[in-house]
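Only the coordinates and a few stated rules stand behind these numbers; no lab work does. Just so you know, these numbers come straight off a predicted model, no measurement behind them. Don't worry about glycine lacking a Cβ; one is built from the backbone with ideal geometry, like all the others, and counts go over all protein chains shown.
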Amino acid sequence: MTAGYGEGPAVLEGLDLELTGTGLVWLVGPNGRGKSTFVELASGYLRPRVGTVDVFGVPAHLPTARDRRRVCRSRVALFPQMTVRDHLAFGSLARAVPRDDALARAERLGLGPWLDSRAGTLSTGTARKAWIALCTVGAADLLLLDEPFDGLDADSRAALTEEIATWARDALVLLVSHTAPTGSAAARRLSLDPEELPA
Ligand SMILES: Nc1ncnc2c1ncn2[C@@H]1O[C@H](COP(=O)(O)OP(=O)(O)OP(=O)(O)O)[C@@H](O)[C@H]1O
């Protein structure tokens, strides 16, 4: 599989990879190596130039793949005028799941005091937590988390680490992070360096 943007050079070239099972996969590589591009491919947003990207046996861009996947991109994108609670209600409605689960996760991530704050007024770390809570609403078989720890304080990092461990028991969690994951979920390390890729 080869992928890139527009007319630009290939970002990922000749990548041949299969991820199976459940658990935590820690995707590593230097700045610009293509980790977020990998996430965009698995999210179905970016189509490969050559080859295919399948999620659970179907092309990544198809709705059947979308239903089983959650994507939390590194760039937070919230509606400034909507509260955190509004976002979670919206996300739960869109996924047809009870909003109580999303609210409970938000509480565990430390968002309790901010549920009725407008997103545009949140601090960087709090906005990130709201973004994570929104992007991970409901149950999924695949979670793609791109730098979710950015801007989080120690307590929030610990809380998110616990959430990731819980997800990883039943789902495949792909984590892009420049720092090694800690906590109870044992991570499989996956490097995008050609020399390090599994044969
Ligand atoms: N939307 C885009 N349009 C054009 N080029 C892009 C786009 N997004 C990423 N790129 C290019 O793709 C290459 C890989 O970027 P990518 O964001 O995937 O790397 P990364 O490994 O996630 O880096 P970082 O550790 O800095 O987050 C870079 O050369 C980047 O400039």
Practice problem: Note the full-extension length gain between ALA186 and ASP54 as 0.36 nm times their separation in residues minus their Cα-Cα distance, in nm to one decimal. | Solution: 45.0 nm
Quiz item: When the chain is fully extended, how far beyond the present Cα-Cα distance does ARG118 get from ASP16, taking 0.36 nm per residue of separation?
Solution: 32.4 nm
Quiz item: How much mean residue ellipticity at 222 nm does the chain get from its helices, if each DSSP H run of length 4 or more adds -39500 (n - 2.57) and you divide by all residues, to the nearest 500 deg cm²/dmol?
Solution: -9500 deg cm²/dmol
Self-check item: Evaluated over the stretch 31-96, the Cα radius of gyration and Dmax, each in Å
Solution: 14.4, 42
Practice problem: Give me the number: length gained by fully extending ALA139 to ASP170, i.e. 0.36 nm times residue separation minus the C-alpha to C-alpha distance, one decimal in nm. | Solution: 10.2 nm
Practice problem: Could you pull out every residue, at least 5 positions away or on a different chain, whose amide H is within less than 5 Å of the one on SER117? Hs are placed 1.01 Å off N in the peptide plane, and Pro or chain starts have none. | Solution: VAL84, ARG85
Quiz prompt | Max mean-square fluctuation residue, GNM over the chain, Cα-Cα springs under 10 Å, options THR83, THR161, THR179 | solution = THR179
Practice problem: Starting from the amide H of ALA171, placed 1.01 Å from N in the peptide plane, find each other amide H under 5 Å away whose residue is 5 or more places distant or on another chain. | Solution: GLY23
Quiz item: Any idea what % of Cα-Cα pairs in the chain are farther than 31 Å?
Solution: 18 percent
Practice problem: Place the peptides 40-48, 99-107, 55-63 in order of packing, highest mean first, counting for every residue the other Cβ atoms within 10 Å and averaging per peptide. | Solution: 40-48, 99-107, 55-63
